[in-house]
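Structure, as structure tokens:
Derivation of every value follows stated rules applied to the coordinates shown; laboratory data play no part. Predicted model only: the values in this text are computed from it and were never measured. Neighbour counts run over all protein chains shown; Cβ positions are idealised from the backbone, glycine included.
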2 protein chains.
Amino acid sequence: MSKSIFYHAGCPVCVSAEHDIIELVGSSNVEIVHLVNDKSKMSDAEKAGVKSVPALVTPNGNVLHINFGASMSDLK
Amino acid sequence: MSKSIFYHAGCPVCVSAEHDIIELVGSSNVEIVHLVNDKSKMSDAEKAGVKSVPALVTPNGNVLHINFGASMSDLK
């Protein structure tokens, strides 16, 4: 199985969701991207269809937006 | 690991998220509850803190609301 990508921005709701996702999916199956610390990934995230964080992009390209935390525009 | 519970209401966004969650977590690790077909589970869902569907309640009791589909009040 290819990896999922979990995009977040360090907010409390993101970190809580991150822990849950890692526990459910397994840390080896998910890449964690912190969009505020690594703004070069922002365009990848937007291309994948991420509208808010935290969000999980699945291996088949679907985007699961989780517990709405912050809009992408708030991170720029 | 105890099971997660995925609550949904049969809407297209729910079904899409359901497939993604089953693929990520594994069907043996998640119980699927259709709240419109099984309204007796509504109070369990509300007690768990589910505010909208689709939502995933993790084994440690956290609620991940995914891709906001419908408020609980819309299902009653």
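Numbers for the structure displayed
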item: Residue identified as under 10 Å from the mean Cα position of the chain (by Cα) and within 10 Å of chain A (Cβ to nearest Cβ) among B:HIS8, B:HIS65, B:HIS19; result: B:HIS65
item: Residue in the range A:3-11 that is in contact with a helix residue (DSSP H, G or I) (Cβ under 9 Å, 6 or more places away or on another chain) and over 23 Å from B:ALA55 (Cβ atoms) present; result: yes
item: Residue list for the range A:26-44, restricted to those being within 14 Å of chain B (Cβ to nearest Cβ) and charged (D, E, K, R); result: A:GLU31
item: A:ALA70 being in contact (Cβ under 8 Å) with a residue 40 or more places away in the chain, surrounded by 13 or more Cβ atoms within 10 Å (Cβ to Cβ) and within 14 Å of chain B (Cβ to nearest Cβ); result: no
item: Considering residues of the range B:1-29 that are assigned to a helix (DSSP H, G or I) and charged (D, E, K, R) only, the residue farthest from A:HIS65 (Cα to Cα); result: B:GLU23
item: B:GLY61 within 18 Å of A:ILE66 (Cβ to Cβ), surrounded by fewer than 14 Cβ atoms within 10 Å (Cβ to Cβ) and touching a helix residue (DSSP H, G or I) at 6+ places or on another chain (Cβ under 8 Å); result: yes
item: Output for the range B:30-50, where each listed residue is assigned to a loop (DSSP other than H, G, I, E, B) and surrounded by fewer than 14 Cβ atoms within 10 Å (Cβ to Cβ); result: B:ASN37, B:ASP38, B:GLY49
item: A:LYS51 more than 9 Å from chain B (Cβ to nearest Cβ), within 21 Å of B:HIS65 (Cβ to Cβ) and not hydroxyl-bearing (Ser, Thr, Tyr); result: yes
